[in-house]
Amino acid sequence: MLVTSLAAGENRPVPADQLAINVTCAAAVDVSALLLGSNGKVRSDADLVFFNNPNGPGVSYEENRGSGDIVRVDTRALPPDVDNVVVTASLDGSGP
(Lines give C-alpha, C1' and ligand atoms only; values in the text may rest on other atoms or scores of the structure.)
Protein backbone atom coordinates (compact mmCIF):
# COMPACT_ATOMS: atom_id res chain seq x y z
CA MET A 1 0.00 0.00 0.00
CA LEU A 2 1.37 3.40 -1.01
CA VAL A 3 0.99 6.10 1.65
CA THR A 4 1.48 9.69 0.56
CA SER A 5 0.93 12.92 2.45
CA LEU A 6 -0.13 16.08 0.64
CA ALA A 7 0.35 19.66 1.76
CA ALA A 8 -2.69 21.95 1.79
CA GLY A 9 -3.65 22.76 -1.82
CA GLU A 10 -1.25 20.25 -3.34
CA ASN A 11 -2.29 18.20 -6.38
CA ARG A 12 -0.84 14.89 -7.57
CA PRO A 13 -1.67 12.33 -10.23
CA VAL A 14 -3.60 9.29 -9.04
CA PRO A 15 -1.19 6.40 -8.36
CA ALA A 16 -3.76 3.58 -8.54
CA ASP A 17 -7.32 2.65 -9.59
CA GLN A 18 -8.54 2.53 -5.98
CA LEU A 19 -7.69 5.16 -3.39
CA ALA A 20 -8.49 5.78 0.25
CA ILE A 21 -7.97 9.43 1.17
CA ASN A 22 -7.76 9.94 4.94
CA VAL A 23 -8.31 13.57 5.97
CA THR A 24 -7.14 14.54 9.45
CA CYS A 25 -7.06 17.94 11.10
CA ALA A 26 -6.52 19.32 14.62
CA ALA A 27 -9.78 21.29 14.22
CA ALA A 28 -13.16 19.75 13.45
CA VAL A 29 -13.72 19.81 9.68
CA ASP A 30 -16.38 18.73 7.22
CA VAL A 31 -14.92 16.58 4.45
CA SER A 32 -16.50 16.38 1.01
CA ALA A 33 -15.70 14.99 -2.41
CA LEU A 34 -16.86 16.71 -5.59
CA LEU A 35 -17.05 14.90 -8.92
CA LEU A 36 -16.27 17.48 -11.60
CA GLY A 37 -16.81 17.42 -15.32
CA SER A 38 -14.54 18.99 -17.93
CA ASN A 39 -16.18 22.36 -17.22
CA GLY A 40 -15.00 22.19 -13.57
CA LYS A 41 -18.57 21.85 -12.24
CA VAL A 42 -20.60 19.07 -10.68
CA ARG A 43 -23.25 17.58 -12.93
CA SER A 44 -25.90 17.41 -10.19
CA ASP A 45 -26.29 17.17 -6.40
CA ALA A 46 -25.47 13.44 -6.72
CA ASP A 47 -21.87 14.48 -7.47
CA LEU A 48 -21.48 15.98 -3.97
CA VAL A 49 -20.34 13.23 -1.58
CA PHE A 50 -20.25 14.00 2.17
CA PHE A 51 -21.73 12.92 5.54
CA ASN A 52 -25.32 13.51 4.42
CA ASN A 53 -24.81 11.90 0.98
CA PRO A 54 -22.06 9.31 1.59
CA ASN A 55 -22.17 7.50 -1.76
CA GLY A 56 -21.75 8.72 -5.30
CA PRO A 57 -20.72 7.08 -8.55
CA GLY A 58 -17.25 5.66 -7.83
CA VAL A 59 -16.84 7.60 -4.57
CA SER A 60 -17.82 6.95 -0.94
CA TYR A 61 -17.39 8.85 2.33
CA GLU A 62 -16.87 7.46 5.84
CA GLU A 63 -17.09 9.72 8.87
CA ASN A 64 -14.48 8.80 11.45
CA ARG A 65 -13.84 11.85 13.63
CA GLY A 66 -11.41 9.98 15.88
CA SER A 67 -8.82 9.21 13.21
CA GLY A 68 -9.79 11.24 10.17
CA ASP A 69 -12.59 11.00 7.65
CA ILE A 70 -12.06 8.71 4.67
CA VAL A 71 -13.00 9.28 1.03
CA ARG A 72 -12.69 6.17 -1.14
CA VAL A 73 -12.40 6.53 -4.91
CA ASP A 74 -12.56 3.77 -7.50
CA THR A 75 -11.52 5.46 -10.74
CA ARG A 76 -12.85 2.52 -12.78
CA ALA A 77 -16.37 3.20 -11.44
CA LEU A 78 -16.36 6.95 -12.17
CA PRO A 79 -18.69 8.06 -14.96
CA PRO A 80 -16.83 8.79 -18.22
CA ASP A 81 -17.76 12.48 -18.11
CA VAL A 82 -16.14 13.02 -14.68
CA ASP A 83 -12.67 14.47 -15.19
CA ASN A 84 -11.65 15.19 -11.59
CA VAL A 85 -12.51 14.26 -8.03
CA VAL A 86 -11.75 17.06 -5.58
CA VAL A 87 -11.54 16.29 -1.85
CA THR A 88 -12.18 19.31 0.37
CA ALA A 89 -12.13 20.04 4.10
CA SER A 90 -13.78 23.09 5.66
CA LEU A 91 -14.11 24.15 9.29
CA ASP A 92 -17.39 22.81 10.64
CA GLY A 93 -18.11 25.82 12.84
CA SER A 94 -17.89 23.97 16.17
CA GLY A 95 -14.50 25.34 17.19
CA PRO A 96 -12.61 28.61 17.39
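Mind checking the chain for GluC sites (Glu not before Pro) that DSSP puts in a loop (not H, G, I, E or B) and that have at most 10 other Cβ atoms within 10 Å? All intermediate terms of the calculation are to be shown ahead of the outcome.
Details: sites: GLU10, GLU62, GLU63; in loops: GLU10, GLU63.
Sites meeting the loop and neighbour criteria: GLU10.
Sketch the reach of a paramagnetic label on ASP81 as a point 7 Å from Cα along Cα-to-Cβ, and name the residues of segment 14-35 whose backbone nitrogen lies under 20 Å away. In segment 14-35, the label zone of ASP81 (backbone N under 20 Å from the point 7 Å along Cα→Cβ) covers 34-35. Note on segment 2-96: dipole from Cβ charges, positive end direction compared against ALA28, ALA16, ASN64; the farthest Cα belongs to ALA16.
With a simple spin-label model that places each label point 7 Å from the Cα along the Cα-to-Cβ direction, the separation between ALA27 and SER60 comes to 3.1 nm.
Rolling a 1.4 Å probe over the protein heavy atoms of the chain, with every protein chain left in place, gives an accessible area that is 52 percent carbon and sulfur. Excluding ligands, DNA and RNA, the accessible surface per residue across the chain is 67 Å² with a 1.4 Å probe. Working note: Cα atoms of the chain, range along each principal axis, descending, whole Å: 40, 31, 21.
The values are calculated or read from the model by the stated rules, or taken from the named source; none is laboratory data. These numbers were taken from a predicted model, which means no experiment stands behind them. FYI the Cβ positions are ideal-geometry reconstructions off the backbone, even for glycines, and counts take in every protein chain you see. Only protein heavy atoms, including side chains, enter the accessible area calculation; ligands, DNA and RNA are left aside. Shrake-Rupley method; radii C 1.70, N 1.55, O 1.52, S 1.80 Å.
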